[in-house]
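Colleague: My questions will all concern the structure given below.
The values are calculated or read from the model by the stated rules, or taken from the named source; none is laboratory data. All of these numbers come straight from a predicted model, not from anything done at the bench. Virtual Cβ from ideal backbone geometry, glycine too; neighbours counted across all protein chains shown. Accessible surface is based on the protein model in full, side chains and every heavy atom, while ligands, DNA and RNA are left aside. Shrake-Rupley method; radii C 1.70, N 1.55, O 1.52, S 1.80 Å.
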Amino acid sequence: MSKVFSLLIDAHYQTSPDDIQRLLDAPESICFIMFQNNRVLGVAQVNQEGGLKLSGLAPAITQGQRRVKGHLVAQNIANLYNDEAFCTMRQWRIGRIAIHPHLQQMGLGSELIAFIKQQAIKHQTDLLTTAFGCNSALLKFWQLADFELIKLSNKVEVSSGEHSCICVYSLHQDAQHTVNNLTKEFTNELQFQIDKAWKTMPSTLLADILRYIDEHNSVSQTDIVKQYCEGFRNLDSSQRVIRNHIFANAKELNKLTDSEQGILVACILQKQVICSSI
């Protein structure tokens, strides 16, 4: 156990000695350990959330009238999107995951998550979830594991210096329907907040987020975008349409350089001062 906890301490700044007791005693906590020849290669701490334990409290939690200990994602998302059913879905939240420093970037983390997915299905779980300080490297890791982003905090967390985010992975078709609805709600919130709460977020990180959001339903007026690009329209008369076009075709950002993506997101979406130089 000392080797397991040592990995968690090295990987997570918020790990404290009290976590040893929770890791050993908490009935809702599951610890997955990857090892070879008695050598600990990686570890993941999973917390069981939602389900029948919250069924009687789901209406009050969704309406913001109650908040019980634990169940971080189940309560947060149910309240944020007024989704009572989400509160009672059986969830495994991957709270901490760590790979030995000498063995990182070798795919072991992905293997560990794949194993957790298999075990979650065997235990009739609906969703896997995770919450972390959002940066490009972590976002890419979870999105490569097919987790979908459904929440981004409006404020930077004091402890991490980053916006926190929540990602989910559905384990069956009915759960995927719920996730699809949540990603659409998040897309709408992203469009509304991108030049407000997230105006000062690094534009390159926002570009990474945009590439993975659900495709927007709005019809893009490509003629106006083309006219602006060819110099026949000014930015003031085109910005709304260009903004909608970016959201509707976010995956096309991959065709631009990192610098071009940053300028586009900062200028058009975040409405930063850089717009004055165009």
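Colleague: For the full complex of protein chains and a 1.4 angstrom probe, list 255, 196 by accessible area with the highest value first.
Modeller: Of 255, 196, the descending order of accessible area is 255, 196.
Colleague: For residue 153, what accessible area in Å² do you get when you roll a 1.4 Å probe over the heavy atoms of the protein chains, rounding to the nearest 10?
Modeller: About 10 Å², rounded to the nearest 10.
Colleague: Which FRET efficiency, nearest 0.05, do residue 85 and residue 176 yield, Cβ-Cβ r, R0 22 Å?
Modeller: My answer for the efficiency is 0.95.
Colleague: Given a 1.4 angstrom probe, I'd like the percentage of the accessible area of the range 117-264 that is carbon and sulfur, rounded to a whole number.
Modeller: 48 percent
Colleague: Enter the accessible area of residue 106 (Å², nearest 10), with the probe set to 1.4 Å and all protein chains included.
Modeller: 120 Å²
Colleague: Okay, moving on. Looking at the chain, which longest stretch skips every one of the GluC sites (Glu not before Pro) that is in a DSSP loop with at most 15 other Cβ atoms within 10 Å, leaving the sites themselves out?
Modeller: Maximal segment without exposed cleavage sites: 29-156.
Colleague: Could you give the nm distance between label points at residue 160 and residue 63, where each point is 7 Å from its Cα heading toward the beta carbon?
Modeller: Here the modelled spin labels are 3.2 nm apart.
Colleague: Let me have the relative contact order for the range 41-104, percent, based on Cα pairs under 8 Å that are six or more residues apart.
Modeller: 51 percent
Colleague: To continue, here is another question. Would you mind computing, in nm to one decimal, how far apart the modelled labels at residue 144 and residue 211 are, each placed 7 Å from Cα along Cα→Cβ?
Modeller: If labels sit at residue 144 and residue 211, their model points lie 1.2 nm apart.
Colleague: Give 226/255; 151/184; 69/196; 155/271 a once-over and call out the pairs whose C-alpha atoms are over 20 Å from each other.
Modeller: Long pairs (Cα-Cα over 20 Å): 69/196.
Colleague: Of the heavy-atom accessible surface of the range 38-107 (probe 1.4 angstrom), what whole percent is carbon and sulfur?
Modeller: Its accessible area is 47 percent carbon and sulfur atoms.
Colleague: Also, quick follow-up: For the pair residue 110 and residue 249, what calculated FRET efficiency results from E = 1/(1 + (r/R0)^6), where r is the Cβ-Cβ distance and R0 = 41 Å, to the nearest 0.05?
Modeller: Computed FRET efficiency for residue 249 and residue 110 comes out at 0.90.
Colleague: Another question, then. Taking Cα centroids, how far is the range 182-206 from the range 107-129 in Å?
Modeller: 28 Å
Colleague: Which ³J(HN,Hα) values, rounded to whole Hz and listed in residue order, are derived for the range 173-187 from phi using the Karplus coefficients 6.51, -1.76 and 1.60 in 6.51 cos²θ - 1.76 cosθ + 1.60 with θ = phi - 60°, glycine and proline given as x?
Modeller: Per residue, the Karplus-derived 3J(HN,Hα) values read 5, 4, 5, 5, 4, 5, 4, 4, 5, 5, 5, 5, 5, 5, 4 Hz.
Colleague: Follow-up question, since we're still on this one. With all protein chains present, calculate the accessible area of residue 141 using a 1.4 Å probe and round the result to the nearest 10 Å².
Modeller: 60 Å²
Colleague: Whenever you get a sec, line up 123, 71 from highest to lowest accessible area (probe 1.4 Å, protein heavy atoms).
Modeller: Largest accessible area first, the list is 123, 71.
Colleague: Where does the chain land at 222 nm, in deg cm²/dmol rounded to the nearest 500, when only DSSP H runs of n ≥ 4 count, each adding -39500 (n - 2.57), divided by all residues?
Modeller: Helices in the chain give a 222 nm mean residue ellipticity of -12000 deg cm²/dmol.
Colleague: When the convex hull of the Cα atoms of the range 166-262 is projected onto a plane and the area is averaged over all directions, what value comes out in nm²?
Modeller: 7.3 nm²
Colleague: At residue 237 and residue 204, where each label point lies 7 Å from the Cα along Cα→Cβ, what is the point-to-point distance in nanometres?
Modeller: 3.6 nm
Colleague: Could you work out how far the C-alpha centroid of the range 220-248 sits from that of the range 155-175, in angstrom?
Modeller: The range 220-248 and the range 155-175 have Cα centres spaced 32 Å from each other.
Colleague: Taking R0 as 30 Å, what's the FRET efficiency between residue 226 and residue 184 from their Cβ-Cβ distance, rounded to 0.05?
Modeller: E(calc), rounded to 0.05, equals 0.60.
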